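The values are calculated or read from the model by the stated rules, or taken from the named source; none is laboratory data. If you're wondering where the values come from, they're calculated on a predicted model, not measured in any experiment. A quick note on method: Cβ atoms are made from the backbone with ideal geometry, for glycine too, and the neighbour counts reach across all protein chains shown.
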2 protein chains.
Amino acid sequence: MPMTYIEKLNKATAAGNVCVGLDPVISRMPEHLRERADGLNIFCESIVSSTAPYTAAYKPNLAFFEALGRDGYDALERLIDSVRKNAPQAIIIGDGKRSDIGSTAQRYAVAMFDRWGFDAVTVNPYLGSDGIKPFTERTDRGVYLLAMTTNPSAVELQDHGGEGDPLYLRVARLAETLWNEDNNVGLVVGATRADRIARVRELSPSLPFLIPGVGAQGGDLDTAVSLGLSPDNPPGVINSSRGIIYASSGEDFAEQAGEQAKLLRDNIADCK
Amino acid sequence: MPMTYIEKLNKATAAGNVCVGLDPVISRMPEHLRERADGLNIFCESIVSSTAPYTAAYKPNLAFFEALGRDGYDALERLIDSVRKNAPQAIIIGDGKRSDIGSTAQRYAVAMFDRWGFDAVTVNPYLGSDGIKPFTERTDRGVYLLAMTTNPSAVELQDHGGEGDPLYLRVARLAETLWNEDNNVGLVVGATRADRIARVRELSPSLPFLIPGVGAQGGDLDTAVSLGLSPDNPPGVINSSRGIIYASSGEDFAEQAGEQAKLLRDNIADCK
């Protein structure tokens, strides 16, 4: 029997609850790497290697690699190899927010789990069960559904239904009661609207959280940890992307990324 | 000034309102092509060339190409070249249903519009304006937002808010009033729940529709045309994927695909 996703997650989070978001943009990389043909690979691989001791999960966002075409696909492949080598206990979450009707979602599941080999993915729940099931039926992989995202306009649709019954809470409820039959569903719950984390948690006690939005996006870490990472629930991870990968734009970028990952790990532990 | 998306759409739909959905699966291709290294390319290019006279839009769904890894990316690139050559008036809609927070959606816009060169994309609206704007600000390209999808479980979230104010109608309303400031937004409105097309149209008179779900998924063409493709609204397209590309599994697959595209074009015209 392969390990279940929750088993993988338990093992990965023994090292803490840090998720490093890998969203590389060439123009934001250290100057000495921008012009080099292998600069992107060096950037990603150096960050993986320096953050490995402090990191439970790596979360490459596919948009940043797709925007670079073939070089991006190559870099993503090498990045995944690099995590497997340097941080064999860590989980890799393919952040693609894919979703489609069932027969198509099944092809995305093949792309994400078999072609790329991700341990988990993010999925947009707008299409409901049919679009989610092709991912969740892979019982050794994890599926984080978007509940409440971090962006300012998240409320336009995610609050639909009103204060008493907003859409994001319907997602939380269905995720807990309908979509989690294989015990591998989690939720993306942004840290930028702290009061909502507690409301989601109330409806979804058995789901692990992936919490973005601390750091550059302004979410409060203490609230995210106290409301989202209780020992009564499956282990969650707190994502930081720009705060770690762009910690320094100098030659010490990797060292500084490692420092920031370590600091986040320690700060999370202190908030518990 | 480059053509606006509506100008492109007007030009493309002079040939009718057929959108050919390109969702290739190796095991469903004609037997004589399955084992050939260039079988996928031959399959896609033959279908494009035989359907070109009857087709307003081609809609490759990215899931089917991503599931094939590098071969898939190559095939998609060649497919796009083939449409430009064989059907220069046709629009290519990159069906990826992407969405993310603003800075990330911007990278998806680069991937879809610059790397792949699609004329239009499908976008999942769950994140609201921030996730939509990076696509719509490309004023020469089109953005079809998912309103009501064709799959059985679409209602789980898309009906949230109840009969009087379901989510899919909020999408329709916001698309018309808030998200369409560059006059390049359209809506994906499935044909499988016919009564809803009229409700969406009432709220979105100025938006072009992309209507999937006729053919293999069982939607009624007559209703889709009469409710969705009125001459009072911008030109819509009706998508058929499996009904065209798998019209025959023999050596005559391309000829039969052409026949089916022609038939759909004529049937749409008859329903008007």
Legend entry - Members of region B:175-195 that are out of contact with any Phe, Trp or Tyr (no Cβ under 7 Å at 6 or more places or on another chain) and either without any contact (Cβ under 8 Å) to a residue 24 or more places away in the chain or under 22 Å from B:S241 (Cα atoms) (or both): B:T177, B:G190, B:A191, B:T192, B:R193, B:A194, B:D195
Inset, instruction - Tell me which residues, restricted to region B:114-140, are at the interface with another protein chain (Cβ under 10 Å from one of its Cβ atoms), within 17 Å of the chain's Cα centre (by Cα) and more than 18 Å from A:L157 (Cα to Cα). - result: B:W116
Inset, instruction - Could you tell me which residue of region A:87-112 is farthest from B:D71 (Cα to Cα), considering only residues that are in contact with an Asp or Glu (Cβ under 8 Å, 6 or more places away or on another chain) and more than 9 Å from chain B (Cβ to nearest Cβ)? - result: A:I91
Legend entry - Test: residue in region A:236-249 that is part of a loop (DSSP other than H, G, I, E, B), closer than 22 Å to A:V123 by Cβ and in contact with a strand residue (DSSP E or B) (Cβ under 9 Å, 6 or more places away or on another chain): yes
Legend entry - Failed criterion for A:R107 (all others in (1) crowded, with 22+ Cβ neighbours inside 10 Å; (2) without any contact (Cβ under 8 Å) to a residue 24 or more places away in the chain; (3) farther than 29 Å from A:G128 by Cα hold): (3)
Legend entry - Which numbered condition B:V143 misses (of (1) more than 10 Å from chain A (Cβ to nearest Cβ); (2) assigned to a loop (DSSP other than H, G, I, E, B); (3) modelled with pLDDT of 95 or more): (2)
Legend entry - From A:D95, A:D119, residue being surrounded by fewer than 24 Cβ atoms within 10 Å (Cβ to Cβ), in contact (Cβ under 8 Å) with a residue 24 or more places away in the chain, under 20 Å from A:Y5 (Cα atoms) and not aliphatic (A, V, I, L, M): A:D119
Inset, instruction - Pull up region A:11-57, narrow it to residues that are aliphatic (A, V, I, L, M) and touching a Lys or Arg at 6+ places or on another chain (Cβ under 8 Å), then point me to the one that is surrounded by the most Cβ atoms within 10 Å (Cβ to Cβ). - result: A:V20
Legend entry - Of all residues making up region A:1-18, the number that are part of a loop (DSSP other than H, G, I, E, B) and over 15 Å from A:T55 (Cβ atoms): 4
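Conditions tested, residue by residue: (1) in a helix (DSSP H, G or I); (2) modelled with pLDDT of 95 or more; (3) more than 16 Å from the chain's Cα centre (by Cα).
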{"residue": "A:L33", "(1), (2), (3)": "yes, yes, yes"}
{"residue": "A:A63", "(1), (2), (3)": "yes, yes, no"}
{"residue": "A:K97", "(1), (2), (3)": "no, yes, no"}
{"residue": "A:T104", "(1), (2), (3)": "yes, yes, yes"}
Inset, instruction - Look at A:S129 and say whether it is polar (S, T, N, Q), at pLDDT 95 or above and surrounded by 24 or more Cβ atoms within 10 Å (Cβ to Cβ). - result: no
Inset, instruction - Within region A:144-157, identify whether any single residue is buried (at least 24 other Cβ atoms within 10 Å of the Cβ) and more than 16 Å from A:R193 (Cα to Cα), and answer yes or no. - result: yes
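Yes/no per residue for (1) assigned to a helix (DSSP H, G or I); (2) surrounded by 20 or more Cβ atoms within 10 Å (Cβ to Cβ); (3) in contact with a His (Cβ under 8 Å, 6 or more places away or on another chain):
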{"residue": "A:G162", "(1), (2), (3)": "no, no, no"}
{"residue": "A:A191", "(1), (2), (3)": "no, yes, no"}
{"residue": "A:D232", "(1), (2), (3)": "no, no, no"}
{"residue": "A:N267", "(1), (2), (3)": "yes, no, no"}
Inset, instruction - Return yes or no: is B:G228 small (G, A, S), surrounded by 19 or more Cβ atoms within 10 Å (Cβ to Cβ), modelled with pLDDT under 95 and touching a Gly at 6+ places or on another chain (Cβ under 8 Å)? - result: yes
Legend entry - Of all residues in region B:65-83 being under 21 Å from B:A120 (Cβ atoms), of a type in the set (A, V, I, L, M, F, W, C) and within 12 Å of another protein chain (Cβ to nearest Cβ), the one that is surrounded by the most Cβ atoms within 10 Å (Cβ to Cβ): B:F65
Inset, instruction - Please tell me if A:G72 is of a type outside the set (D, E, K, R), closer than 25 Å to A:L9 by Cβ and not in a strand (DSSP E or B). - result: no
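Considering only residues of region A:19-64 that are within 14 Å of chain B (Cβ to nearest Cβ) and among the basic types (K, R), which is farthest from B:Q106 (Cα to Cα)? I'd like the intermediate steps shown before the answer.
Residues of region A:19-64 that are within 14 Å of chain B (Cβ to nearest Cβ), as a first pass: A:21-28, A:40, A:59-64.
Still in the running and among the basic types (K, R): A:28, A:59.
On the way: A:R28: 15, A:K59: 18 Å.
Selected residue: A:K59.
Condition check ((1) closer than 23 Å to A:P125 by Cα; (2) within 12 Å of chain A (Cβ to nearest Cβ); (3) not acidic (D, E)) across all residues:
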{"residue": "B:M148", "(1), (2), (3)": "yes, yes, yes"}
{"residue": "B:V155", "(1), (2), (3)": "yes, yes, yes"}
{"residue": "B:G162", "(1), (2), (3)": "yes, yes, yes"}
{"residue": "B:A191", "(1), (2), (3)": "yes, no, yes"}
{"residue": "B:S206", "(1), (2), (3)": "no, no, yes"}
{"residue": "B:L221", "(1), (2), (3)": "no, no, yes"}
